[in-house]
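Since the structure comes first, as structure tokens, the remarks are kept for the end.
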Amino acid sequence: MKRTIFTLAFFLGSCLILQAQDRYLPFSSQNEAAKAAYFKGMKASENANIPLFKTEMEAAAKADSNFFMAYANLAFMATSFKNYELATQYIQKGLAIDPTGFNKGEQIMRGALQAWAKDPKADPTQMMEALVVAYPKTIQAHEWAATSASWITHDSIAALKHSLKVVELSPKYGAGYNMVGYSYMANGQMDKAKTAFESYIRLSPNEPNAYDSMAEYYFNVEDYAKSAEFYDKAAAMGLTAAKKRADEARAKIQK
């Protein structure tokens, strides 16, 4: 499936929540229900389950109406998909929160939301670079920078740079290789893309999105038989949209 937006996880139990906070950009909310929903949403985004990500992130914002980073995530998601009307709703709610006491990451993302409030198509590169400078060892900072470069500014070189940093920081994080694989494909480095997707499958063998990504790789190199095989695998594991794509690959074979 398409590139992973934001990412990371581990949300059950207090120890795991602390671990997740170490892996994510810090946030100010202390509401336990909001934090639990937030981490569930991030887990969903890790493997491209965007509907569940949206549901859980909205639940986090409902549990704590001052949870700025929940609104920032939602605004980033909607902007990445060019759903500017929806993004505006999240931006307005995020900017309505009193910024007194915001940490550095929240301040930077507030700047991004302010820019998008003025122009929904504003370039967030400066803010993303500020995030990775402020949080050089925090995976989410590099993931947001990679997602922004890939989806918003369409800078495939920058997307690859930040994606590679993600896997450098967390070599056993399967979904990071998904980002790398799509970045390599965008740069026409198909052999490296395949290797990255193989790593995604090896590290996340129970994630249907891993097989869906490999299927898309094979579709792009016009090996439609292998593409259909991997789409079928993803569909069998519960990714229903992959069934249609498998049929599309088989139709290419017949042509």
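Where helices (runs of 4 or more DSSP H) sit wholly within segment 1-73, those with at least 3 residues that are open to solvent by less than 20 Å² (accessible area, probe 1.4 Å) and modelled with pLDDT under 95 occupy 32-46. Going through segment 155-208 one residue at a time, which ones are of a type in the set (S, T, N, Q) and either in contact with a strand residue (DSSP E or B) (Cβ under 6 Å, 6 or more places away or on another chain) or open to solvent by less than 10 Å² (accessible area, probe 1.4 Å) (or both)? Selection gives SER163, ASN178, SER183. Residues of segment 222-231 that are open to solvent by less than 60 Å² (accessible area, probe 1.4 Å) and either of a type outside the set (Gly, Ala, Ser) or without any contact (Cβ under 8 Å) to a residue 12 or more places away in the chain (or both): ASP223, TYR224, PHE230, TYR231.
For segment 211-219, the criterion of being open to solvent by 50 Å² or more (accessible area, probe 1.4 Å) and of a type in the set (D, E, K, R) is satisfied by no residue at all. Taken over segment 74-92, the criterion of being surrounded by fewer than 24 Cβ atoms within 10 Å (Cβ to Cβ) and either of a type in the set (Val, Ile, Thr) or within 12 Å of SER29 (Cα to Cα) (or both) is satisfied by THR88 alone. Which one is farthest from ASN206 (Cα to Cα), of the residues in segment 239-255 that are within 21 Å of the chain's Cα centre (by Cα) and open to solvent by less than 40 Å² (accessible area, probe 1.4 Å)? By that ranking, first place goes to ALA242.
Would you check if ALA236 is farther than 23 Å from LYS137 by Cα, among the aliphatic types (A, V, I, L, M) and open to solvent by 60 Å² or more (accessible area, probe 1.4 Å)? The answer is yes for ALA236.
The values are calculated or read from the model by the stated rules, or taken from the named source; none is laboratory data. These numbers come from a predicted model, not from an experiment. Note that each Cβ is placed from the backbone with ideal geometry, even for glycine, and that neighbours are counted across all protein chains shown. Side chains are part of the model used for accessible areas, which takes the heavy atoms of the whole protein and leaves out ligands, DNA and RNA. Shrake-Rupley method; radii C 1.70, N 1.55, O 1.52, S 1.80 Å.
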